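Shown next, in C-alpha cells, is the structure this report addresses.
The values are calculated or read from the model by the stated rules, or taken from the named source; none is laboratory data. All figures in this text were calculated on a predicted structure; none of them were measured in a lab. Using ideal geometry, Cβ is built from the backbone for each residue, glycine included, and neighbour counts are taken over all protein chains shown. Side chains included, ligands, DNA and RNA excluded: accessible areas come from the protein's heavy atoms. Shrake-Rupley method; radii C 1.70, N 1.55, O 1.52, S 1.80 Å.
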Amino acid sequence: IETFYGGYMGNYRVQDALYTLGFYYAPRATFFRSEYGNLMSLIKEEQLDNDTLKGSYAGAMGYGQFIPSSYRHYSVDFSGDGRRDLLTSKADAIGSVANYFSVHGWQEGDSVVHQAEVKNTSVIKGENKLKPYESIAQFKQQGVTMKQYPKAGFDDKQLATLLKLEGKKGDEYWLGLKNFYVITRYNRSPRYAMAVYELSQEIK
C-alpha cells in the first residue's frame, strides 16, 4: 500500500528532504530536525550510501516507508544476512512491519474489525476515534450489532471504536478492535487501516 508493492519508493534525496523540512518548515521543524539526526546515525549504523539514499518528500524510505527513527527502532534482520535492509530486502521489510505491529500491541489470532449495523446513528460521536473506547457489550446496549458474529469465545468485554466510513453503496459502520488500532499506529488514518485489513483478507 505504501509503495505499490515496492514499485515506487520515492525519488527525493532523503537528507535533502529532511533538512528542508527541519529548517524551512516551521510547523514541524522540531520533528524533522530530530529525524535528520536519526538519519545521520542510521547511515553510520547500517552503512548506507547517503548520496544515493532516496525516499518520500518527508524522508520515508524503503518498501514500508519507514522514517529514520522507525528504521532505527523497529527494523529487523529477518533474512538473517546480518543487515537490516529495508531498501532492497523484501524479507527484512515484511519482518520489520510485523515487528512494528508487535511492539505496538498486535495480538496474533485476534479480530481486527467487524462490520456493524447501527439502529440509532446518534451513537456516532463525530469524527472517527481511532483508540477503542467502549466495550462490545456497551455498544450492543446502544443498538450497535455486528453483521456477522465472530467465532465462539469472542469476548464482549473487549473495547472497540465505532467507525463510519464511506463505502461503494453509501455509509458503512465498523467496530474496530485493538488490532485495528495497532494498524493506525503505522498510519493514523482509518481508511488506510481498512485498506490494509481488506487487502490482507484478499491475500489470505
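Axis of helix 190-203 versus longest Cα principal axis of the chain: the two differ by about 90°, to the nearest ten degrees. Note on SER79 and ALA195: the extension gain reaches 39.1 nm, defined as 0.36 nm multiplied by sequence separation minus the Cα-Cα distance.
Assuming R0 = 22 Å, what is the FRET efficiency of THR88 and ILE203, from their Cβ-Cβ distance, to the nearest 0.05? Walk me through the numbers before you get to the answer.
Details: r = 22 Å, r/R0 = 1.00.
That pair, THR88 with ILE203, gives E of 0.50.
Based on Cα contacts under 8 Å between residues 6+ apart, region 45-204 shows a relative contact order of 19 percent. Between GLU134 and ALA160, the built amide H atoms are under 5 Å apart, and every one of these is 5 or more places off in sequence or on another chain. Ordered from highest to lowest accessible area with the whole protein assembly present and a 1.4 Å probe, PHE139, PHE31, PHE4 read as PHE4, PHE31, PHE139. If you run the Gaussian network model on the chain, springs between alpha carbon atoms under 10 Å, then out of TYR181, TYR36, TYR133 the most flexible one is TYR133.
If the segment from ARG72 to GLN141 were pulled out straight at 0.36 nm per residue, it would be longer than the present Cα-Cα gap by 20.3 nm. Karplus-based coupling profile of region 133-143, in residue order and whole Hz: 9, 9, 7, 4, 4, 5, 5, 4, 5, 9, x, with θ = phi - 60° in 6.51 cos²θ - 1.76 cosθ + 1.60 and x standing for Gly or Pro. When the alpha carbon gyration tensor of region 67-163 is reduced to an equivalent ellipsoid, its three semi-axes come out at 37, 15, 10 angstrom, largest first.
Placing pseudo-labels 7 Å out from each Cα toward the beta carbon at LYS168 and HIS104 gives an inter-label distance of 2.8 nm.
Note on ASN120 and TYR24: their simple-model spin labels are 5.5 nm apart, each label 7 Å out from Cα toward Cβ. For the chain, the Kirkwood hydrodynamic radius from C-alpha pairs, put into Stokes-Einstein at 10 °C and a viscosity of 1.306 mPa s, yields a diffusion coefficient of 84 µm² per second. The charge dipole of the chain, taken about its Cα centre with unit charges on the Cβ atoms of Lys, Arg (+1), Asp and Glu (-1) only, comes to about 640 debye. For the set LYS90/LYS164; LYS131/LYS204; LYS119/LYS168; LYS90/LYS168, the pairs lying more than 31 angstrom apart at their alpha carbons are LYS90/LYS164; LYS90/LYS168.
Taken along the Cα-to-beta-carbon direction at a fixed 7 Å, the label points for LYS129 and LYS54 span 4.4 nm.
Comparing GLN138, GLN115, GLN47 in a Gaussian network model of the chain, where Cα atoms under 10 Å apart are tied by springs, the biggest mean-square fluctuation is seen for GLN47. Note on region 119-196 and region 22-88: Cα centroid distance 33 Å, given to the nearest whole angstrom.
When VAL112, VAL103 are compared by accessible area of protein heavy atoms, the largest-first order is VAL103, VAL112, using a 1.4 Å probe. Per residue, the solvent-accessible area of the chain (1.4 Å probe, heavy atoms of protein chains only, all protein chains present) comes to 59 Å².
Considering Cα pairs under 8 angstrom that are at least six residues apart, work out the relative contact order of region 94-185 and quote it in whole percent.
Working: 132 pairs, mean separation 36.8, N = 92.
Dividing the mean separation by the residue count of region 94-185 yields 40 percent.
Just the protein heavy atoms count here, and of the accessible area of the chain at 1.4 Å, carbon and sulfur take up 49 percent. GNM remark for the chain: springs join alpha carbons under 10 Å apart, and the peak mean-square fluctuation among LYS131, LYS157, LYS169 falls on LYS169.
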